[in-house]
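A quick write-up on the structure given underneath.
The values are calculated or read from the model by the stated rules, or taken from the named source; none is laboratory data. Keep in mind that this is a model prediction, so the values were computed, not measured. We place every Cβ from the backbone using ideal geometry, glycine too, and count neighbours over all the protein chains shown.
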Amino acid sequence: MTQGTSELTVGEMLLKYGISRRSFIKFCTATASAMALPPWMGPAMAEQLRNSPRPSVVYLSFQECTGCAESLTRSFAPTIENLIFNTISLDYNDTLMAAAGEAAESARTKAMQDNFGKYVLVVDGSVPTGAGGAYCAAGGRSAVDILREAAKGAAAIVCVGTCASFGGIPFADPNPTTAWPVSGIISDKPIINVSGCPPMPEVITGTLLQFISTGQVPDLDEHRRPKVFFGNTIHDRCYRRPFYDQGKFAKSFDDEGARNGWCLYELGCKGPTTYNACATIKWNGGTSFPIQSGHGCIGCSEPGFWDKGSFYSALSTAAWGKAGEVAPRQVGKLAAGAAAVGVALGVASAGVSRLRQRPSEPHGNEPKGG
Amino acid sequence: MDLLGFARGPALKVALAIFCVGVVWRFVGFALLRLRRDLNKPRVSLLGSWAGGLVTVGSRSWPHPEFIGRTGAGEALGYSYHIGLFIVVLLFEPHIVFLGSLFGFTWPGLPSSLITLISVLTLTLFLAVLFRRVTNPVLRMLSNFDDYFSWFITALVLVTGLAATAHIGAPYEKLLAWHILSVDGLLVWFPFGKLMHAFYIFPSRAVNGALLARKGAVS
Amino acid sequence: MSPQDRSELERALGEGEVKATVRAAGLSTVRETRICGVWWVEHRDEAGELMAELLEVTQVPSILASASDEIAAAARALREHMSLAARPC
């Protein structure tokens with residue numbers, strides 16, 4: 001990690017770290033391929049970046065669990081994704097940087113000044129506005145203020161994780177800190193949401209790489225997520241799809257069906273309504289993903305997924321009530337209450353009808369049918 | 001709240017409540033209506049009139065031989081799509097999960113591909129039935145808004161359900177939301193139109209049969 | 001692409017005159033097919049996992065060629081190296 005922007009180009013910096021030009025071309029080619037960009041873009045991105053000064057990136061963390069940063073930095077073996085850290089000049093990241101206190105903060109302000117209008121602002125965590133912003137404060141300043149100041153000179157804001165993109169877990173009912181996603185605070189800068197709890201490392205890297213090499217925001221969906229990674233649902237690409245189509249569903253964890261790899265729809269899988277790249281790129285270097293490991297998708301890249309009912313109730317179940325939960329007993333109470341109202345209305349209507357029927361009739365034997 | 005959350009949540013709750021209120025209201029109202037006093041001497045005992053009622057429930061299930069020529073095709077058509085609807089609603093796994101979440105118990109279902117086939121057949125029969133209603137001069141004269149709207153709301157549920165299962169026309173979460181919203185619409189309309197025949201059919205046959213038996217007529 | 005389609009494609013394109021391996025952050029293999037100018041490039045990472053597979057229609061795939069800006073410095077370096085080698089021990 002360097003202090004401020006280095007004078008060296010990306011290529012020179014990579015060479016210093018013993019990363020050859022060809023390794024970098026390979027990294028860019030693989031990333032371009034994963035993003036379904038035209039194949040010539042890989043070497044083109046590499047060439048473009050190698051001869052440029054390292055782009056400045058300021059990484060701010062607010063109300064977050066650090067899972068997003070962990071997703072990017074932790075791996076079983078050094079992955080080629082980590083090359084992103086040699087490509088950019090990560091001028092501020094409070095988890096990774098060696099400096100602390102005043103030294104760290106002055107590094108940040110200097111980087112923001114030197115690269116005003118050009119640095120990429122990466123944010124993870126939601127931003128609380130409750131109690132005047134006191135729920136998340138660093139160096140005596142609230143997260144809201146830090147974000148607003150940092151956004152002023154940013155070329156674009158990349159929100160890493162569902163918390164920064166949509167509010168995430170702090171935003172969930174009852175939202176005690178009045179947390180907001182970044183898009184709820186900043187409205188005048190291009191925002192790219194890389195959602196997921198955590199997001200996939202390849203998605204973070206690919207999005208950053210594409211932005212710093214082309215200077216352009218990629219195609220985004222209605223939730224401002226890059227369409228190239230969030231264009232399909234898990235269900236669209238799930239390897240268990242044939243079982244769904246045949247109606248072979250596992251009924252409980254580890255039952256006969258589950259052991260045969262049947263669809264996890266009845267165990268609450270939210271795959272059909274979740275947009276992410278887990279089913280294709282997979283996790284931990286392509287090892288597996290939740291459904292392959294036998295657990296349904298929890299929909300972690302979707303807005304408000306914490307409040308959409310139990311992770312274990314199927315998409316076709318009723319879902320009113322607190323946090324989308326409803327039990328048969330509540331349904332029974334609703335039905336009973338409604339029936340009582342119905343009885344009252346029925347008696348009243350019958351009364352009105354009977355009055356309208358011929359009023360003076362002597363009572364006699366009437367068949368018990370009515 | 002997104003459309004799907006709304007459809008499965010507040011909309012479903014309100015729709016179910018209106019359905020229960022409406023059905024019970026109409027049922028109780030109908031049950032408490034006074035019958036015109038019959039001054040005849042009853043030809044059978046009370047038990048006999050009950051038995052007559054039950055017989056009528058069965059005998060009205062198919063037209064008398066004299067009428068089969070004219071009405072047989074229509075009856076067969078009606079039976080077919082009703083059976084199709086019951087199979088699709090009650091034996092499709094995601095539906096079983098839905099009903100299980102309301103009632104607290106489930107039952108085994110049929111393979112999804114078979115259900116899809118039956119749904120398509122049912123939809124075809126549905127269109128045939130509408131065609132018949134519109135082209136047959138007697139039926140056309142008798143039909144009103146109630147008939148057409150009841151047909152429409154049920155057809156909408158069928159079409160949105162097929163679209164959702166096939167994942168065509170829109171993103172899946174929108175298709176599923178529209179399917180559930182159309183079910184909500186069906187539930188709200190149900191107690192106030194001809195769809196109530198589902199609850200009335202057997203009691204009304206029974207009452208008619210009992211009254212006829214009391215008069216000593218064949219039921 | 002299904003494994004059958006892939007082997008079908010491999011069979012159709014065949015093998016040409018050139019085969020090269022590049023050791024940079026894992027192994028990459030570059031193979032010219034029977035069709036001149038169509039190269040089959042496989043990129044693997046340090047663990048041997050396939051990262052990307054491409055068909056490049058070009059003179060020489062970019063991963064194989066040396067950088068043009070490095071050529072001048074390379075010539076200089078080679079001359080220095082040779083002059084050092086020529087000195088008596």
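Which ranges mark the helices (runs of 4 or more DSSP H) fully within region A:71-182 that have 1 or more residues being closer than 30 Å to A:Gly18 by Cα, of a type in the set (D, E, K, R) and touching a residue at least 24 places away in the same chain (Cβ under 8 Å)?
Per the criteria, A:101-114.
Please determine, by comparing only the residues of region A:36-62 that are touching a Phe, Trp or Tyr at 6+ places or on another chain (Cβ under 9 Å) and within 11 Å of another protein chain (Cβ to nearest Cβ), which one is surrounded by the fewest Cβ atoms within 10 Å (Cβ to Cβ).
Top of the filtered list is A:Arg50.
Answer yes or no as to whether B:Ile68 is within 14 Å of chain A (Cβ to nearest Cβ) and either β-branched (Val, Ile, Thr) or farther than 28 Å from A:Leu267 by Cα (or both).
Considered against the rule, which asks whether it is within 14 Å of chain A (Cβ to nearest Cβ) and either β-branched (Val, Ile, Thr) or farther than 28 Å from A:Leu267 by Cα (or both), B:Ile68 comes out as no.
Do we have A:Cys297 as closer than 24 Å to B:Thr106 by Cα and touching a residue at least 60 places away in the same chain (Cβ under 8 Å) here?
yes
Return only the number of the condition from (1) among the basic types (Lys, Arg); (2) more than 12 Å from chain A (Cβ to nearest Cβ); (3) over 17 Å from B:Val218 (Cα atoms) that B:Arg60 does not satisfy.
Against the list (1) among the basic types (Lys, Arg); (2) more than 12 Å from chain A (Cβ to nearest Cβ); (3) over 17 Å from B:Val218 (Cα atoms), B:Arg60 comes up short only on (3).
So which of B:Leu175, B:Leu212 ends up being within 14 Å of chain A (Cβ to nearest Cβ), at pLDDT below 90 and more than 22 Å from the chain's Cα centre (by Cα)?
B:Leu212
Only one of B:Ala73, B:Ala31, B:Ala7 is closer than 28 Å to A:Tyr312 by Cα and either of a type in the set (A, V, I, L, M, F, W, C) or within 11 Å of chain A (Cβ to nearest Cβ) (or both). Can you tell me which?
Just one listed residue meets the conditions, B:Ala7.
Please work out which residue is surrounded by the fewest Cβ atoms within 10 Å (Cβ to Cβ), limiting yourself to region A:241-274 and to residues that are closer than 20 Å to B:Leu110 by Cβ, charged (D, E, K, R) and out of contact with any Phe, Trp or Tyr (no Cβ under 7 Å at 6 or more places or on another chain).
For region A:241-274, the residue satisfying everything is A:Glu256.
Does A:Glu222 satisfy the criteria of being at pLDDT 90 or above, within 13 Å of chain B (Cβ to nearest Cβ) and exposed (fewer than 15 other Cβ atoms within 10 Å of the Cβ)?
yes
Of all residues in region B:69-119, which are closer than 30 Å to B:Leu139 by Cα, exposed (fewer than 13 other Cβ atoms within 10 Å of the Cβ) and touching a helix residue (DSSP H, G or I) at 6+ places or on another chain (Cβ under 9 Å)?
B:Ala73
Please work out if B:Thr154 is closer than 24 Å to A:Leu267 by Cα and of a type in the set (Ser, Thr, Tyr).
So B:Thr154 does not fit the description; no.
Please specify each residue of region A:323-354 satisfying the condition of being out of contact with any helix residue (DSSP H, G or I) (no Cβ under 9 Å at 6 or more places or on another chain) and in contact (Cβ under 8 Å) with a residue 12 or more places away in the chain.
Residue satisfying the conditions is A:Glu325 alone.
Restrict the check to region A:70-87 and report whether at least one residue is surrounded by 20 or more Cβ atoms within 10 Å (Cβ to Cβ), over 27 Å from C:Ala25 (Cβ atoms) and at pLDDT 85 or above.
No.
For region B:51-68, what are the residues that are touching a Ser or Thr at 6+ places or on another chain (Cβ under 6 Å) and either crowded, with 17+ Cβ neighbours inside 10 Å or of a type in the set (Val, Ile, Thr) (or both)?
B:Gly52, B:Val55, B:Thr56
Restrict the check to region A:23-33 and report whether at least one residue is part of a loop (DSSP other than H, G, I, E, B) and either within 14 Å of another protein chain (Cβ to nearest Cβ) or of a type in the set (Gly, Ala, Ser) (or both).
Looking for residues that are part of a loop (DSSP other than H, G, I, E, B) and either within 14 Å of another protein chain (Cβ to nearest Cβ) or of a type in the set (Gly, Ala, Ser) (or both), one finds none in region A:23-33, hence no.
Just to be sure before I move on: is B:Gly193 without any contact (Cβ under 8 Å) to a residue 12 or more places away in the chain and surrounded by fewer than 18 Cβ atoms within 10 Å (Cβ to Cβ) in the structure I sent?
For B:Gly193, the condition - without any contact (Cβ under 8 Å) to a residue 12 or more places away in the chain and surrounded by fewer than 18 Cβ atoms within 10 Å (Cβ to Cβ) - is not met.
If you go through region B:13-22 one residue at a time, do you hit one that is within 14 Å of chain A (Cβ to nearest Cβ), surrounded by 13 or more Cβ atoms within 10 Å (Cβ to Cβ), of a type in the set (A, V, I, L, M, F, W, C) and free of Cβ contacts under 8 Å to residues at least 60 places away in the same chain?
There is at least one residue in region B:13-22 that is within 14 Å of chain A (Cβ to nearest Cβ), surrounded by 13 or more Cβ atoms within 10 Å (Cβ to Cβ), of a type in the set (A, V, I, L, M, F, W, C) and free of Cβ contacts under 8 Å to residues at least 60 places away in the same chain.
With the requirement that a residue be part of a helix (DSSP H, G or I) and at the interface with chain A (Cβ under 9 Å from one of its Cβ atoms), what does region B:34-56 give you?
Correct list: B:Leu46, B:Ser49, B:Trp50, B:Gly53.
Which of the residues spanning region A:287-343 are farther than 25 Å from A:Cys197 by Cα and among the basic types (Lys, Arg)?
Those that are farther than 25 Å from A:Cys197 by Cα and among the basic types (Lys, Arg): A:Arg329, A:Lys333.
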